[in-house]
Amino acid sequence: MSFLGVVFDGIAYGSLLFLISVGLSITLGLMNVVNLAHGAFAMFGGYCSVWLTTTWGLPFLWTLPCVCLAGAGVGALAERLLYQRLYRASHLDQVLLTIGLTFMAVAAATFFWGPTQQRVELPDFLRGQVSVLGLDLGAYRSFLIGVVVLISLGLRGLIERTRFGAQLRAAVDNQQVSAGLGIPVQRVFCLAFALGSALAALGGALGIELLGLEPSFALEYLVYFLLVVSVGGAGSVRGTAFAALALGLCDVAGKYYVPQIGAFIIYALMIVLLMLFPAGLQGRRA
Amino acid sequence: MLDSPTMTAIKLWGSVFSGFGALGLGMSLLLGGLLSACESKRAEPAAGTATTSASASPSTPEPEPKPGPAPAAPGPVKIGLIAPFSGPFAGAGKQIEGGVRAWLDQHGGKVAGREIELLVKDVTGVAPDVAKSLAQGLIVRDKVDFLAGFVLTPNALAVAPLATEAKKPMVIMNAATSVITTKSPYVVRVSFTLPQVSAPLASWAAKNGIKSVYTLVSDYAPGADAEGQFKKTFEAAGGKIVDSLRVPVQNPDFAPYIQRIKDKKPQAVFIFVPAGAQGTAFLKAFQERGLSKQGIRVLATGDVTEDQELDAMGDAALGVVTTHHYSAAHDSPENTAFKQAFSKVTGGKVRANFMAVGGYDGMAAIAQVIEKLGGQIDGDRAMEAFKGLQLQSPRGPIRIDPETRDVIQTVYVRKVEQRPDGFYNVEFDHFDEQKDPGK
């Protein structure tokens, strides 16, 4: 296979990592909440999509917007009921609550769907490979990259160009002053949390084809999401994107060219990058 | 990534929460989960004392049947079932328990006039220390007559010395590494071993015109077992192993590995990866990259396309050739009756797989031994009764090798096909009387 093929697969894998991790980056970096239940929100999205396709007969692509809405709803609910009480709590309290939520999610998924692997039916045009300029590219991977590019452009615009984005950045920098200036801090945080959860849910649904879906998903892939966020620098959308792409590329290239040690390459890369940039590639503060 | 105390803490929480999850499946499971969670919490301090008392006077459990006043009411025969009921292997535990309960349900729960009492313990995953303390509790406190279950090799290895000390028969219902039966004269296995099912696959491939094979296995002991045996048998039959890959046990994306295989253009690829997520991910990527269109065939041991997961793998698994000892599609009256009983006791949510058959046959073997001993259980006499024992199992005839206490059985060659009610491993060839070549 040509070098370009490896790059393509790496970018596709990195895109998926970015999509799921970016929500975690927002909550961890901007709102200072260590949300270890983030993987559970992604898993929720995956199961939502499976449920809509199997029980309601919805085509896979149509489930994606529904999954986003459901993810946002559940995220907002969790924020109002649980997370908002933890904004000023110690990180240990946050970890205890969120890891507890994760275990509850794993048990709930096992209860409702059983311990087995789930699957979704892809439409025909997303299956197999397409030949572009003599290069065999996976159809689904191309679709995935397209979706993620659109979402990240939108996300960047939202945070850097809109009123909501400005309010969010202000509220994060100094809650009290922002509140004094009339910014509805609570509502802004709730919306931001819902947004992060919606993206995680979407990532979970899109990831079924690549990563699979079973109750242990919430824990199994959490390591990768945390890795992306810590390398990218919590709170930075651009840093998360860089980190996800770098890790995705190195993972795929390592496994292809040197399969004997391929699986360890991303951890080595993480160590090197964190030594060079202790606060992450685009860390906000040390 | 996590250090071990954290992992233990997490596993503890896991078993508590899955206790809740089991609520709908039955009170017994719930109690089992919660009890075992409590037990493993206080197991640490208790463990030391239990070991010393057991090892200082190994004969203490023995003299109990002898003193005079006891025989009036012998009470139930107690079987301690150690398997994971929470965490990533929870499905396996439920299969085994379902198999055992299916047998009990079919036979009215009584053998040789004595009730059978099942004590179910959740070992939570790969946790040798937990397995050991659960077994200690079962032997010392509950005074069980048989230890049974054991899905994962490390757990079985940790318990084997206790079986020797306490002279308790230990019935392996799944764990498939060759070496387990050599670790104690009280271990007997009714399930299978990986070399036992990989060797026939290599012979079949060599006989059917496949000359070059690429192997890909998960990088852990069973993977190495499967790879080693396949290579040995295939090369002895004149085949050529093009290249071998070992991949992480939890590998998220198979694309780069598949691409390597595609570049080499072998006639077939032999895989061994954990069933479920890993097997599905591999086969999907295999389809997506058009390797089957190039005529590359997939060979695997039957646990990759095991019955519980097969429907979820769907089209991706079509045409995969596997060797194993049990398929839900096996056509026999024993299998039909077994499947009925299994779905009755488990509520019909999941299809019984080879682990359920392991539980079922293990229970059947224990029952036969109790019958032979006339209800008077003694460890050494029980082991003699296990040796050479024969069963008409849902998988076909099986027997226990008197030399190794390991199972001898027919290994079937199967192909994944779609039937009106789902995907099945359809048997089309078989190798009779297969012993474990790993010993």
**OP:** In whole Hz, with x marking every Gly and Pro, tabulate ³J(HN,Hα) for region A:155-172 from phi via Karplus 6.51 cos²θ - 1.76 cosθ + 1.60, θ = phi - 60°.
**Re:** 5, 5, x, 4, 7, 9, 10, 9, 5, 4, x, 5, 4, 4, 5, 5, 4, 5
Original post:
Given H placed on each backbone N at 1.01 Å, which residues far from B:G422 in sequence or on other chains put an amide H within less than 5 Å of it?
Top reply: none
Subject >> For region B:139-216 and region A:58-98, distance of Cα centres in Å >> reply: 44
Subject >> Inter-part distance where region A:149-196 and region B:239-266 are each reduced to a Cα centre, Å >> reply: 46
Original post:
Hey, what do the phi angles of region A:53-68 turn into as Karplus ³J(HN,Hα) couplings, whole Hz, using 6.51/-1.76/1.60 and θ = phi - 60°, x for Gly and Pro?
Top reply: 6, 7, 7, 9, x, 6, x, 3, 5, 6, 6, 4, x, 4, 4, 4
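Looking only at the protein assembly as shown, where both bridge partners belong to it, what percent of the DSSP beta bridges are antiparallel (to the nearest 5)?
45
Mind scanning B:K168/B:K349; B:K262/B:K415; B:K207/B:K231; B:K232/B:K265; A:K255/B:K284 and naming the pairs with a C-alpha gap bigger than 26 Å?
Numbers: B:K168/B:K349 34 Å; B:K262/B:K415 22 Å; B:K207/B:K231 15 Å; B:K232/B:K265 21 Å; A:K255/B:K284 18 Å.
Where the Cα-Cα span goes over 26 Å, the pairs concerned are B:K168/B:K349.
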**OP:** Could you please rank B:R351, A:R85, placing first whichever residue has the fewest other Cβ atoms within 10 Å of its Cβ?
**Re:** A:R85, B:R351
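What order, most packed first, do the peptides B:381-388, A:236-243, B:400-407, A:171-178 have when packing is the mean number of other Cβ atoms within 10 Å of each residue?
Most protected by this proxy first, the peptides run A:236-243, B:400-407, B:381-388, A:171-178.
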Original post:
What is the percent of Cα-Cα separations in region A:104-228 that go past 19 Å?
Top reply: 65
**OP:** Counting residues in region A:191-286 as N, plug N into 2.2 N^0.38 Å and put the Cα Rg over that result.
**Re:** 1.15
Subject >> Label point 7 Å beyond Cα of A:D173 along Cβ direction - residues of region A:216-241 with amide nitrogen under 20 Å >> reply: A:234-239
Original post:
Hull surface divided by four, with the convex hull built on the Cα atoms of chain A: how many nm²?
Top reply: 15.8
**OP:** About the Cα centre of region B:127-170, how large is the charge dipole given +1 on each Lys and Arg Cβ and -1 on each Asp and Glu Cβ? Please answer in debye to the nearest 20.
**Re:** 80
**OP:** Taking the Cα centre of chain A as origin, work out the dipole magnitude from +1 charges on Lys and Arg Cβ and -1 charges on Asp and Glu Cβ, in debye rounded to 20.
**Re:** 820
Subject >> Using θ = phi - 60° and Karplus 6.51 cos²θ - 1.76 cosθ + 1.60, couplings along region A:223-232 (whole Hz; Gly, Pro as x) >> reply: 4, 5, 5, 5, 4, 4, 5, 6, 6, x
Original post:
Residues with amide H under 5 Å of B:V120's amide H, sequence separation 5 or more or different chain, H placed in the peptide plane at 1.01 Å from N; which?
Top reply: B:L81
Original post:
Across peptide B:306-313, how many C-beta atoms of other chains are within 10 Å of each residue C-beta, on average?
Top reply: 3
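A:N32 to A:A268: FRET efficiency via 1/(1 + (r/R0)^6), r the Cβ-Cβ distance, R0 30 Å, to the nearest 0.05?
It comes to 0.55.
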Original post:
Along the three principal axes, how long is region B:336-385 when you take its alpha carbons, biggest first, rounded to the nearest angstrom?
Top reply: 39, 17, 15
Original post:
In nm, to one decimal, how far is the modelled label at B:K344 from the one at B:E235, with both set 7 Å along Cα→Cβ?
Top reply: 5.1
**OP:** Per residue of A:100-110, count partner chain C-beta atoms within 10 Å of its C-beta, then hand back the mean as an integer.
**Re:** 5
Subject >> Overall form of region B:341-439 per C-alpha gyration tensor (a/c, 1.5; a/b vs b/c) >> reply: oblate
Subject >> For residues of A:205-218, the mean tally of beta carbons on other chains within 10 Å >> reply: 4
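Stretch A:Y87-A:L58 to full length: gain in nm at 0.36 nm per residue minus the Cα-Cα span?
Numbers: separation 29, 0.36 × 29 = 10.44 nm, distance 3.81 nm.
Difference between extended and current length: 6.6 nm.
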**OP:** Before rounding to the nearest 500, sum -39500 (n - 2.57) across all DSSP H runs of length at least 4 in the protein assembly as shown and divide by the residue total; then give [θ] at 222 nm in deg cm²/dmol.
**Re:** -17500 deg cm²/dmol
**OP:** In Å³ and rounded to a whole number, note down the convex hull volume per residue for the Cα atoms of region A:183-242.
**Re:** 104
**OP:** Amide H neighbours of B:I172 under 5 Å, at least 5 residues apart or on other chains, H built in the peptide plane: list them.
**Re:** B:V188, B:R189, B:V190
**OP:** Please give, to one decimal in nm, the separation of the simple spin-label points placed at B:D142 and B:D315, each 7 Å out from Cα toward the Cβ.
**Re:** 4.7
Subject >> Cα-only radius of gyration and Dmax that characterise the protein assembly as shown, units Å >> reply: 27.0, 89
Subject >> Relative pair counts by distance (%), Cα atoms of region A:56-174, 5 Å bins >> reply: 2, 8, 9, 14, 16, 16, 15, 11, 7, 3, 1, 0
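What number results when the radius of gyration of region B:170-261, computed over Cα atoms, is divided by 2.2 N^0.38 Å?
Details: Rg = 15.3 Å, N = 92, 2.2 N^0.38 = 12.3 Å.
Here the Cα radius of gyration is 1.25 times the empirical estimate.
Out of all Cα-Cα pairs in region A:1-72, roughly what percent, to the nearest whole number, are more than 17 Å apart?
On the way: 1478 of 2556 pairs.
Roughly 58 percent, once rounded to a whole number.
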**OP:** Compute the distance in nm between two label points, each set 7 Å from the Cα along the Cα-to-Cβ direction, one at B:Q390 and one at A:R80.
**Re:** 7.0
**OP:** Select from B:I116, A:L126, B:V426 the residue farthest towards the positive end of the dipole of the protein assembly as shown; place +1 on Cβ of Lys and Arg, -1 on Cβ of Asp and Glu, and compute about the Cα centre.
**Re:** A:L126
Subject >> Cα-Cα P(r), region B:220-279, percent of pairs per 10 Å interval >> reply: 19, 52, 28, 2
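Quick note: the coordinates plus some simple rules give every number you see, no bench work behind them. Source: prediction; values computed, not measured. Please note: Cβ atoms are built from the backbone with ideal geometry, for glycine as well, and neighbour counts cover all protein chains shown.
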